[in-house]
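The values are calculated or read from the model by the stated rules, or taken from the named source; none is laboratory data. Predicted, not measured: the structure shown is a model, and the values here were computed from it. Neighbour counts are summed over all protein chains in view; Cβ atoms, including those assigned to glycine, are modelled from backbone coordinates with ideal geometry.
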Amino acid sequence: MTVYVIDDHPLMRDALTMLVQRVRPGLKVVSVAKLNSLESTVERQGAPELICLDLKLPDTLGLSGVHAVKAKFPNVPLVVVTGSEASECEAACLEAGANLFLEKASPPNTIIEGLRTFLPSDKEAASAEGTVAAPTKLSKRQKQLILMLDQGLSNKDIADKLTISEHTVKVHFWRLFRRLGVNSRTQALHFARTNGWLGI
């Protein structure tokens, strides 16, 4: 698995690399200082499976970076790690396609927990590569999400019911979609109906 860290500050790149490797020792981490060098770096180093992006770079600012990354790598999880405060731009980043928003000022453990969502253990990775598990192998939260999908609830409705944030709901959906091998709520619901999962 290859993780890309896009940040123009060497110390921040080193810090994120260290945190990623604390979550999954031995992972390949590629550092990039400018967004416009990402594609050429990918050609040399291989496709990303997770991208960590700063919003303030020498060649881009704010949401333009999020849009650019998602346009080039729409199916790769994107974690925004920035000095901007969540109250200022978290909602906009998630709306633009980021999977998670983290403030650089967050405690290391908070950043680690956020990254852990997108860095599965060896056991989880092996499971994801195999056949989709039976419904009984889904987590309790994933079963709840399938039932709530069937009820037609929005992310906000689900967040309110589960007493979690909307961006956490998006993270849960990302993991569920990955587990099922689908790309949308509609596909996940179709999969659940086809396999008779709505009684779980």
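Those residues that are part of a strand (DSSP E or B) and in contact with a Phe, Trp or Tyr (Cβ under 9 Å, 6 or more places away or on another chain), I need them from region 79-107; list them, please.
Val79, Val80, Val81, Thr82, Leu100
What do you reckon, is Val20 over 19 Å from Pro74 (Cα atoms), of a type in the set (A, V, I, L, M, F, W, C), crowded, with 18+ Cβ neighbours inside 10 Å and outside the structural domain of Arg175 (by TED's automatic domain parsing)? Criteria met by Val20. Inspect region 161-172 for any residue being over 30 Å from Ser87 (Cα atoms), assigned to a helix (DSSP H, G or I) and at pLDDT 80 or above and give the result as yes or no. Checked region 161-172: no residue is over 30 Å from Ser87 (Cα atoms), assigned to a helix (DSSP H, G or I) and at pLDDT 80 or above. Reported count of residues in region 6-47, each being basic (Lys, Arg) and touching a residue at least 40 places away in the same chain (Cβ under 8 Å), is 2. Of the listed requirements (1) surrounded by fewer than 15 Cβ atoms within 10 Å (Cβ to Cβ); (2) within 22 Å of Ser84 (Cα to Cα), Glu39 misses just one: (2). Residue-level check: of (1) polar (S, T, N, Q); (2) touching a residue at least 24 places away in the same chain (Cβ under 8 Å); (3) surrounded by fewer than 14 Cβ atoms within 10 Å (Cβ to Cβ), Thr60 misses just (3). Among the residues in region 77-87, are any out of contact with any Leu (no Cβ under 7 Å at 6 or more places or on another chain), free of Cβ contacts under 8 Å to residues at least 12 places away in the same chain and small (Gly, Ala, Ser)? For region 77-87, residues out of contact with any Leu (no Cβ under 7 Å at 6 or more places or on another chain), free of Cβ contacts under 8 Å to residues at least 12 places away in the same chain and small (Gly, Ala, Ser): present. Yes or no: Arg175 out of contact with any helix residue (DSSP H, G or I) (no Cβ under 7 Å at 6 or more places or on another chain) and either touching a residue at least 24 places away in the same chain (Cβ under 8 Å) or not basic (Lys, Arg) (or both)? In short, yes. Of all residues in region 142-162, those satisfying the criterion of being under 20 Å from the mean Cα position of the chain (by Cα) and under 20 Å from Phe101 (Cβ atoms) are Ser154, Asn155, Lys156, Ile158, Ala159, Leu162. Among the residues of region 178-200, those identified as in contact (Cβ under 8 Å) with a residue 60 or more places away in the chain and over 20 Å from Pro77 (Cβ atoms) are Asn195, Trp197, Ile200.
Determine if region 144-163 includes at least one residue that is in contact with a His (Cβ under 7 Å, 6 or more places away or on another chain), buried (at least 18 other Cβ atoms within 10 Å of the Cβ) and not assigned by TED's automatic domain parsing to the domain that holds Phe101. Yes, region 144-163 contains a residue that is in contact with a His (Cβ under 7 Å, 6 or more places away or on another chain), buried (at least 18 other Cβ atoms within 10 Å of the Cβ) and not assigned by TED's automatic domain parsing to the domain that holds Phe101. Check region 118-126 and report whether any residue there is modelled with pLDDT under 80, surrounded by 13 or more Cβ atoms within 10 Å (Cβ to Cβ), under 13 Å from the mean Cα position of the chain (by Cα) and assigned to a loop (DSSP other than H, G, I, E, B). Taking every residue of region 118-126 in turn, at least one turns out to be modelled with pLDDT under 80, surrounded by 13 or more Cβ atoms within 10 Å (Cβ to Cβ), under 13 Å from the mean Cα position of the chain (by Cα) and assigned to a loop (DSSP other than H, G, I, E, B).
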